[in-house]
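Heads up: the structure comes next, in structure tokens.
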Amino acid sequence: MTNSLEGLKYMKMLVTGGAGFIGSNFVRYILEKYPDYQIINLDKLTYAGNLENLKEIEGYPNYKFVKGDILNAELVEHIAKDVDIIVHFAAESHVDRSVLDPFSFVKTNVLGTFVLLEAARKLGNKRFHHISTDEVFGALALEDSHKAFHEETPYDPKSPYSSSKAASDHLVRAYFHTYGLPITISNCSNNYGAYQFPEKVIPLFVTNLMEGKKVPLYGDGKNVRDWIHVDDHCAAIDSIIHQGKIGHTYVIGADSEKSNYELTMAILKTMGMSEDMIEFVKDRPGHDRRYAVRSHKIKAELGWQPKMDFDAGIKKTIQWYINNEWWWRRVKSGEYLEYYDRWYNR
Ligand code: NAD
Ligand code: TDX
């Protein structure tokens, strides 16, 4: 099946979850690169959704925000009627929260994806791009440093979050095989950058340090994550939407593995602080030891390459949080503080 969007000069997209971290960076990226494209952003505005992430594009005539739940089939069908593609970011995305409240992950990530797929099918098989995670592949051992996830790695999710994402990936593939829905899937590694909610490790640690608080490192600090700057993830999705092969999966990463201890030391060094600011705390239950991805396929087939080197990216990101204290102070309050209390008293 060919990618019907290849070579299109104009596109109308339905972006779900466009008020979250990656979604808002993606909406900004697309409207800057393709000023003629139209975007409808459907977002429920959960604790993680924030219209301040998109303040500068609010008045654009080719951008429309719709507040709503992806589980609302009637609404989804109505707004997806004349789009060329659905780009699906909306999800419950924080692993720790999935330990406390798994049901909301099943609802949004599994049932929500199902509702969108049904709408895409009923509306004449709309093009569908599904944003997923490398966490669906499970965990690698620290000793197996030569191993990494790739497109053929069997699924082996371990947390309620990653299981719900794995289930949604399977549904998306089933719609391709069963109904011929023109889908693509991307499984990306850990993102960082501007507008990331400060429950995730990098913005949590940077903002804690700005508040004079210590940083809570889980377990022995040796768990490894493979970091990619959010702009590189957006560029990868752009290339898949425009040139990806229908029915295919693309794994995305920037070959930047760091243990959480190394990551923390890089943040502390950039912020001119000492190791004394680390507090080792109780581990996350079922904490995946290591993630690493090899994105040979997207590089070879679509010519995508990550551009942001980790040292430059982390400095840029820290500077963003320093310059945008108003943004994170507003989100690091209310519901967030209640959640944090529940997490630490679990
Ligand atoms: P996020 O939590 O920052 O944003 C999620 C957005 O989805 C929010 O704006 C929220 O309001 C919206 N949303 C949640 N439930 C909804 C519902 N039922 N209906 C409509 N909108 C809803 O998440 P993120 O970090 O930007 O992640 C976006 C996507 O990328 C997710 O699918 C996630 O699994 C995937 N992903 C994230 C990473 C990462 O490192 N953050 C890595 C790989 C893949
Ligand atoms: O306070 C903390 N202390 C700590 O040591 C937090 C919040 C995290 N950590 C560790 C746990 C992980 O090993 O840091 C690492 C990164 O944690 P998170 O930022 O919570 O990300 P992770 O669990 O790896 O999942 C992220 O990447 C893949 C995103 O949240 C997912 O949405 C994405 O799919």
Roughly what % antiparallel, to the nearest 5, for the DSSP beta bridges in the chain?
-> 10 percent
About its Cα centre, how strong a charge dipole does segment 112-225 have in debye, to the nearest 20, once Lys and Arg get +1 and Asp and Glu get -1 at the Cβ?
-> 420 debye
In degrees between 0 and 90, to the nearest 10, how far off the longest principal axis of the chain does helix 112-122 point, with axes built from Cα atoms?
-> 10 degrees
Note down the relative contact order for the chain as a percent, whole number, built from C-alpha pairs under 8 angstrom at least six residues apart.
-> 18 percent
Using a 10 Å cut-off on Cβ atoms, rank the peptides 104-111, 165-172 from the highest mean neighbour count down.
-> 165-172, 104-111
Could you tell me whether segment 258-327 comes out rounded, prolate or oblate from its Cα gyration tensor? Rule is a ≥ b ≥ c as square roots of the eigenvalues, rounded for a/c under 1.5, then prolate if a/b exceeds b/c, otherwise oblate.
-> oblate
Cα gyration tensor shape of segment 47-125, rounded if a/c is under 1.5, else prolate or oblate by comparing a/b with b/c | oblate
Please label the shape of segment 12-89 as rounded, prolate or oblate, based on the square roots a ≥ b ≥ c of the eigenvalues of the alpha-carbon gyration tensor (a/c under 1.5 means rounded; beyond that, a/b larger than b/c means prolate, else oblate).
-> oblate
When only C-alpha pairs under 8 Å and at least 6 residues apart count, what is the relative contact order of segment 193-346, in percent?
-> 35 percent
Given the candidates Gln196, Pro154, Trp227, the one whose Cα lies deepest towards the positive end of the charge dipole of segment 129-229, counting +1 at each Lys or Arg C-beta and -1 at each Asp or Glu C-beta, is Gln196
Short version: ³J(HN,Hα) in whole Hz for each residue of segment 18-31, in order, from phi by Karplus 6.51 cos²θ - 1.76 cosθ + 1.60 (θ = phi - 60°), x for Gly and Pro, what are they?
-> x, 9, x, 4, 6, x, 6, 5, 5, 4, 4, 4, 5, 5
In degrees between 0 and 90, to the nearest 10, how far off the longest principal axis of the chain does helix 335-344 point, with axes built from Cα atoms?
-> 60 degrees
Relative to the first principal axis of the alpha-carbon coordinates of the chain, what is the inclination of helix 260-270, with its axis defined by its Cα atoms, in degrees from 0 to 90 and to the nearest 10?
-> 80 degrees
Order the peptides 218-228, 200-210 from the highest to the lowest mean number of other Cβ atoms within 10 Å of their residues.
-> 200-210, 218-228
Charge-dipole axis of segment 242-293 as Lys and Arg at +1 and Asp and Glu at -1 on Cβ define it, positive-most pick from Val281, Gly244, Val293 | Gly244
Can you tell me the dipole magnitude for the chain around its Cα centre, using point charges on the Cβ only (Lys, Arg +1; Asp, Glu -1), in Debye to the nearest 20?
-> 380 debye
Non-local residues with an amide H under 5 Å from the amide H of Cys188, with H modelled 1.01 Å from N and Pro and chain starts lacking one, are Ser132, Thr133, Asp134, Ile252
List the residues whose amide H sits under 5 Å from the amide H of Ala90, counting only those 5 or more places along or on another chain, with H placed 1.01 Å from N in the peptide plane.
-> Thr16, Gly17
Can you list the residues, at least 5 places off or on another chain, whose amide H is less than 5 Å from the amide H of Ile246, using H built in the peptide plane?
-> Asn3
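Any read-out appearing in this document is the output of simple, stated calculations on the displayed coordinates, not a laboratory observation. Quick caveat: nothing in here was measured; it's all calculated off a predicted structure. Please note: Cβ atoms are built from the backbone with ideal geometry, for glycine as well, and neighbour counts cover all protein chains shown.
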